[in-house]
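Comments concern the structure below.
The values are calculated or read from the model by the stated rules, or taken from the named source; none is laboratory data. As the structure is a computational prediction, the values presented were derived from the model and not from experiment. All Cβ positions, glycine included, derive from the backbone under ideal geometry; neighbour counts span all protein chains shown. Calculation scope for accessible area: heavy atoms of the full protein, side chains included, ligands and nucleic acids excluded. Shrake-Rupley method; radii C 1.70, N 1.55, O 1.52, S 1.80 Å.
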Amino acid sequence: MTIAPQNGTPAPPPIEPKASPTPLYPNNRVRRHLSELFRLALPVTIARLGMLIMSVVDTIVVGNYDSAGLAYLNVAHAPFTTLMVTGIGLLTGVMILTSHAVGRDNMIEAGLVWRSAMPYAVLIGILFTILTWQSQWLFIATGQPDDIAQNAGELAMILSIGMPAAMIYITCAFFLEGLQRPLPGMMMMIGANAINLVLDYGLVYGAFGLPELGAEGAAWTSTVIRWFMAFSLLGYILLMKSHSLYGIRNGFSGWWRASHKARHLGYAAGASQGMETSAFAAMQLFAGRLGVVAAASYGIAMTMLALMFMVALGLASATSVRVGIAYGRRDRPDMALAGWVGLLTTMMVMFVLSAPLYLFPNAVAHLFTKDGAVILTTVSVLVLMPIIFPTDGGQNAAINALRGAGDTWAPTILHLVSYLCIMIPVGYYLTFTQGMGVPGLFWGIVIASLVAVSGLAIRFKIVSSRPIAAHTH
């Protein structure tokens, strides 16, 4: 009802707050966000799961072949995985800026993001190959037993050869995900896993006329598959029908200057993910100090955590894209809604996925090893997964939402506090001072994850309440 003033002239309509440009979803936004989240997250999750399923296959095949070999392989993966995840963080700007360009309907700019990132990815891959090749000194410096330091060092050298391929693959995958086209990566990953299963079994056990290499065979399989994935996805992007729309074949000239913004977004994400993964690698090295049984048990439990974390990572990546597109459109309410829907959905999904590990820990442990001591220790930590899964997955969704909203260093500081300043000292204290063994390491993870998800959620509340600044080139 409009109230007219006394002179009979109708009152002007009330002044409404300035709306965001063309709201993305004017009606049923929550339902639509959920639909878009799962539509994008499903193929991304399958692709992420595929990356880790290969490691799970390695763990199962090597664990049933030789418990000592499993311990060597788990320790070898500590520095490799730390550097690879750091590289993933450094390249996160590719997905974020691609989604921003899509939100502004600027496809040439999206293609420029990819073209400028490719040489950078190769440079990172070469540097990390050199660092991973020299891993044995790290194992010696951290007090690993001589047999673990020697054998894990040799396996790390084999894994290092696949590092440039991992960086190329991630760059291509992030670009396609930013375009909301994750299906090619999913299909390629399914094929890679089929090849990995056959080759892994053949090289570990000497089947199909291949040499019997044990854990070394699993390391070689991982390296070969990473190069297969890199060339497959790179070829798809270069040959896709819409390549001219994005200027894919326009060359890499001036890539360093053109990649400035993506690199700077990646510095914060790389530092954040690098610190988190380094903290988990430190926990693996703590387990190694406890002996072969502890190292194998920790590796099995972390494999399950990492496997389910890939589901969270798929949902988190989709959250980042949804937030990034709304950010590119300067639609702040939709950006906030996309972040909260992603965070809460991820935590609920992860809690559901933790149920089988809590209810049937013994059966899960038997999948990986026949060693009674390893099974007993593994069961003692799998029952903690209903706490770890939702909080660890939730913090990843929250940090991806913040990245999609253009936030950089605040999430990095929160990761520094949670994982370096809390998880490592608490894990060490509970494991060695209190004598809790491997369960002490996982209680350290529980505490750090609770701190991380709480702090990041509060940070997103602050960031999503601010006006979005105008885009500047």
*Rounded to the nearest 10 degrees, what's the angle between the helix 107-133 long axis and the longest principal axis of the chain, both from Cα atoms, 0 to 90?*
20
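If each DSSP helix of 4+ residues adds -39,500 (n - 2.57) and the sum is divided by the residues in the chain, what number results at 222 nm, nearest 500 deg cm²/dmol?
The helix contribution divided over the chain gives -26000 deg cm²/dmol.
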_I need the semi-axes of the equivalent ellipsoid of the range 140-199: take the C-alpha gyration tensor, multiply each eigenvalue by 5, square-root it, list largest first in whole angstrom._
33, 15, 9
*Specify, per residue and in Å³, the volume enclosed by the convex hull of the alpha carbon atoms belonging to the range 328-473.*
119
*asked:* Taking all protein chains in place and a 1.4 Å probe, what share, in percent, of the accessible surface of the range 271-385 do carbon and sulfur account for?
replied: 73
*At most 12 other Cβ atoms within 10 Å plus a DSSP loop assignment makes a site exposed; report the longest stretch of the chain without any exposed trypsin sites (Lys or Arg not before Pro).*
19-240
*Measure nothing but the geometry: give the 0 to 90° angle between the long axis through the Cα atoms of 385-404 and the longest principal axis through the Cα atoms of the chain, rounded to 10°.*
50
*Dividing the alpha-carbon radius of gyration of the range 28-253 by 2.2 N^0.38 Å (N being the number of residues), what value is obtained?*
1.11
_I'd like the projected area of the range 353-397, averaged over all directions, using the convex hull of its alpha carbons. Report it in nm² with one decimal._
3.2
*Quote the convex hull volume per residue of the range 20-135, based on C-alpha atoms, as a whole number of Å³.*
135
*asked:* Tell me the accessible surface of Asp105 in square angstrom (1.4 angstrom probe, heavy atoms of protein chains only), to the nearest ten.
replied: 120
*Given a 1.4 Å probe, how much area per residue of the chain is accessible, in Å²?*
41
*Taking the Cα atoms only, what angle lies between the long axis of helix 438-463 and the longest principal axis of the chain, rounded to 10 degrees?*
10
_Added length on full extension, which subtracts the Cα-Cα distance from 0.36 nm per residue, Leu34 to Lys241_ = 71.5 nm
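Shape call for the range 95-172 from the C-alpha gyration tensor, a ≥ b ≥ c root eigenvalues: rounded (a/c under 1.5), prolate (a/b greater than b/c) or oblate?
Prolate, since a/c reaches 1.5 and a/b exceeds b/c.
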*Around Ile148, what is the net charge, scoring Lys/Arg as +1 and Asp/Glu as -1 over all other residues with Cβ under 14 Å from its Cβ?*
-3
*Per principal axis, descending, Cα span of the range 244-308 in whole Å*: 54, 23, 17
*asked:* How large is log10 of I(q)/I(0) for the chain at q = 0.10, 0.12 Å⁻¹ when the intensity is taken from the Debye formula with one equal scatterer per alpha-carbon?
replied: -0.72, -1.02
*Can you tell me the Rg and the Dmax, both Å, for the Cα atoms in the range 88-135?*
13.6, 45
*the range 347-426: proportion of alpha-carbon pairs further apart than 20 angstrom, %*: 50
*Ignoring ligands, DNA and RNA, what percent of the accessible area of the range 28-253 is carbon or sulfur (1.4 Å)?*
69
